[in-house]
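A quick write-up on the structure given underneath.
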Amino acid sequence: MVSDVHGNARDLARAGEGADALICLGDLVLFLDYADHSRGIFPDLFGVAAADRIVELRTARRFEEAREFGARLWAGIGSDRGVVIEKAVRKQYAEMFAAFPTPTYATYGNVDMPPLWPEYAGPGTTVLDGQRVEIGGWTFGFVGGGLRTPMRTPYEISDEEYAAKIEAVGEVDVLCTHIPPEVPELVYDTVARRFERGSRALLEAIRRTRPRYSLFGHVHQPLVRRMRIGATECVNVGHFAGSGKPWALQW
């Protein structure tokens, strides 16, 4: 089980060793590495100094200034912005999807671009979003993407659309999402020093349907990585880009 891969193809290629299946909870793309500002699409296009500045503004929650700064940089690329981004994302996706073992079950993260996934997901990779699948006799439900934020990452959707996907999944043994349930200890990032967006609909579904596990990623350095909500064990499976280590679920 991995999440927040963010360009770590080297470790991803070994993540499924010894497992019956690999589950990926999204964020394959690396736009900007907050730990190493020289890595990602953004510094490749605009340089490390620009990456330093935008991280500084975002960390200080000066989102409007960050957007204005970013807009000035992107203006230099002009009307080719979408083409440039898609080309860079495609390069990363080709490497990431080639590293997936068979079988892999995957859903989208908030920085992913879902329309491109069908081109790169091979026969051994099953992409699910608002859907269920049986693995080893247990039912797994998958809900991808994130909720809308001032960061405006590529795959953010409305609370209503997200709740509808949670409802479509229904009762499962393991509920797999990119973002965590809306619990302060699970959504607070201790390094970024901010609360990320979790889902209230997910929290309500956990309380109502009582899955064995709720598994997620998104928050890279959470205040708490694991806690129980009623009968459900809630686990942040880790920031794979940083650790290079998958989280194992055994039953």
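Evaluated on segment 147-251, the Kirkwood hydrodynamic radius is 14.1 Å, with distances taken between all distinct Cα atoms. Here segment 193-219 is scanned for amide nitrogen atoms under 14 Å from the site 7 Å beyond the Cα of I157 along Cα-to-Cβ, giving 199, 201-202.
Values of log10 I(q)/I(0) for segment 3-126 across q = 0.14, 0.18, 0.19 Å⁻¹ run -0.66, -0.97, -1.05, by the Debye formula with one identical scatterer at each alpha carbon and no solvent. Taking 7 Å steps out from each Cα toward its Cβ at I229 and E185 produces label points 1.3 nm apart.
So if the hydrodynamic radius of segment 1-57 is defined as the Kirkwood radius over C-alpha pairs, what does Stokes-Einstein give as its diffusion coefficient at 20 °C and 1.002 mPa s, in µm² per second? Before the final figure, lay out the partial values.
Details: Rh = 12.6 Å.
Result for D is 171 µm²/s.
Note on E95 and R193: with the Förster distance fixed at 45 Å, the Cβ-Cβ geometry gives a FRET efficiency of about 0.90. Amide H to amide H distances under 5 Å link S199 with E182, where only residues 5 or more positions off or on other chains count and H is placed in the peptide plane. Think of each Lys and Arg Cβ as +1 and each Asp and Glu Cβ as -1; about the Cα centre, that makes the dipole of segment 1-153 roughly 400 debye.
Packing order of peptides 201-214, 21-34, highest average first: 21-34, 201-214 (average count of other Cβ atoms within 10 Å over each peptide's residues). Mean silhouette area of segment 94-135, derived from the convex hull of its C-alpha atoms and averaged over all directions, reads 3.3 nm².
Per atom type, segment 135-250 shows carbon and sulfur on 47% of its accessible surface, probed at 1.4 Å. Could you tell me the center-to-center distance, by alpha carbons, between segment 140-190 and segment 1-72 in angstrom? Cα centres, segment 140-190 to segment 1-72: 19 Å. Taken along its principal axes, the alpha carbon cloud of segment 65-167 reaches lengths of 53, 33, 17 Å, longest axis first.
Remark: spin-label model distance E86-K245 equals 4.0 nm, labels positioned 7 Å along the Cα→Cβ axis.
How much accessible area per residue does segment 1-141 have, counting only protein heavy atoms and a probe of 1.4 Å, in square angstrom?
On the way: 6660 Å² over 141 residues.
I get 47 Å² per residue for this part.
When peptides 235-241, 5-11 are sorted by average Cβ neighbour count within 10 Å, with the highest value leading, the order is 235-241, 5-11. For segment 124-228, a crude dipole built from +1 on the beta carbon of Lys and Arg and -1 on the beta carbon of Asp and Glu, taken about the Cα centre, is about 380 debye to the nearest 20.
So what does the Cα-only Debye profile of segment 129-178 read at q = 0.17 Å⁻¹, as log10 I(q)/I(0), no solvent term? So the normalised log intensities are -0.51.
On the principal axes of its alpha carbon atoms, the chain extends 53, 37, 30 Å, with the longest extent given first.
In the context of the full set of protein chains, segment 169-230 has a per residue accessible area of 46 Å² (1.4 Å probe).
The values are calculated or read from the model by the stated rules, or taken from the named source; none is laboratory data. All of these numbers come straight from a predicted model, not from anything done at the bench. We place every Cβ from the backbone using ideal geometry, glycine too, and count neighbours over all the protein chains shown. These area figures cover heavy atoms from the full protein model, side chains too; ligands, DNA and RNA do not enter into them. Shrake-Rupley method; radii C 1.70, N 1.55, O 1.52, S 1.80 Å.
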